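Nothing in this text is a laboratory measurement; each read-out follows from the coordinates by a stated rule. The structure displayed is predicted, hence computed values, not measured ones. Cβ sites come from the backbone with ideal geometry, for glycine too, and all protein chains shown count toward neighbours.
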Amino acid sequence: MIRFVEETGSTNADLLALLRNREHVGEGDWIVTRRQTAGRGRQGRQWFDGAGNFMGSTVVRVSDRDPPAPSLALVAGLAVYEALLPYCPDPQQLMLKWPNDILLHAAKLCGILLEAQSDAVVVGIGVNLAAKPDLPDRPTIALADVTSPPAPETFAERLADAFATELERWRTYGLEPLIRRWSSVATPDGTPLRVHEPDGSVAEGRFTGLDPQGNLQLRLEDGTVRAIHAGDVMLASEE
């Protein structure tokens with residue numbers, strides 16, 4: 001079920017509050033808003049509230065039988081990719097960047113935020129359909145820069161269907177085929193990356209795919225490969 005609201009602080013915060021209050025929130029339920037006044041991205045960044053953009057969140061109920069919950073970022077990325085693909089005049093310019101960005105013409109088109117609450121994970125997604133923010137540290141793009149974008153309500157229906165499909169595949173087949181599919185539409189191997197790690201350190205190297213757990217593989221200048229479990233990853237060309 002998709003519930004559309006005219007305005008809210010944050011769709012992620014709304015779902016987290018419902019979960020904390022033990023109100024019924026079913027897997028596959030979405031909250032989508034036309035205006036978000038306190039949206040946020042990874043590492044506490046404020047999320048841009050652009051009229052005509054998609055801003056929504058959904059809930060996944062996780063169990064011990066499921067793949068690791070952080071890999072839901074890959075699930076969400078593939079779902080957004082599939083939902084956007086029919087609208088892109090040049091599909092080869094649409095790609096995924098670990099852990100949770102979708103790029104178009106090497107600029108940020110979409111961001112994803114995962115937040116856990118007990119046995120649930122709230123997946124927040126923001127897509128620049130009609131307008132883009134000006135960010136100081138990276139280029140951004142809106143779908144409207146290259147084509148006529150869909151209405152947020154239309155996109156929400158397509159995204160909800162794609163997410164349900166990818167979630168079922170994640171549960172049924174596990175991480176290996178998910179990682180293989182994700183990698184086929186991600187930044188190419190050898191792409192120069194700069195990783196700002198949670199401890200404040202910076203690692204530079206080249207993208208070398210994902211390991212079996214879905215972590216970023218970064219080939220350093222000395223030829224060694226490091227597994228990156230968390231961090232803010234940027235194309236070297238973005239800085």
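Taking the DSSP beta bridges with both ends in the stretch 86-230, the antiparallel portion is around 95 percent. In whole Å, what is the distance between the alpha-carbon centres of the stretch 131-166 and the stretch 186-206? So the two Cα centres are separated by 25 Å.
Rg ratio for the stretch 137-224: its Cα radius of gyration over 2.2 N^0.38 Å, N being its residue count, equals 1.42.
For the stretch 2-184, state the semi-axes of the equivalent ellipsoid (square roots of 5 times the eigenvalues of the alpha-carbon gyration tensor), sorted largest first and rounded to whole angstrom.
Each semi-axis is √(5λ); the values are 23, 20, 14 Å.
Dipole check for the chain: with +1 at the C-beta of Lys and Arg, -1 at the C-beta of Asp and Glu, and the Cα centre as origin, the magnitude is about 120 Debye. Listed by Cβ neighbour count within 10 Å, with the fewest neighbours leading, CYS110, CYS88 appear as CYS88, CYS110. Dipole magnitude for the stretch 192-238: about 160 debye, using +1 per Lys or Arg Cβ and -1 per Asp or Glu Cβ, origin at the Cα centre.
I'd like the FRET efficiency for ASP29 and ASP222, computed as 1/(1 + (r/R0)^6) with the beta carbon distance as r and R0 of 35 Å, rounded to 0.05.
Details: r = 48 Å, r/R0 = 1.37.
Efficiency for this residue pair is about 0.15.
Within the listed set GLY52, GLY124, GLY26, the Gaussian network model of the chain (springs between alpha-carbon atoms below 10 Å) gives the highest mean-square fluctuation for GLY26.
All Cα-Cα distances of the stretch 192-238, cut into 5 Å bins from zero to the largest, leave 5, 25, 34, 25, 10, 0 percent in each bin in turn. Label zone of GLN213 (point 7 Å out along Cα→Cβ, amide N under 11 Å): in the stretch 168-183 this covers no residue at all. Between ALA17, ALA156, ALA203, the residue with the greatest mean-square fluctuation in the GNM of the chain (Cα pairs under 10 Å linked by springs) is ALA17. Once backbone amide H atoms are built at 1.01 Å from N, VAL5 has VAL32, THR33, ARG34 as its partners under 5 Å, excluding neighbours fewer than 5 places away on the same chain.
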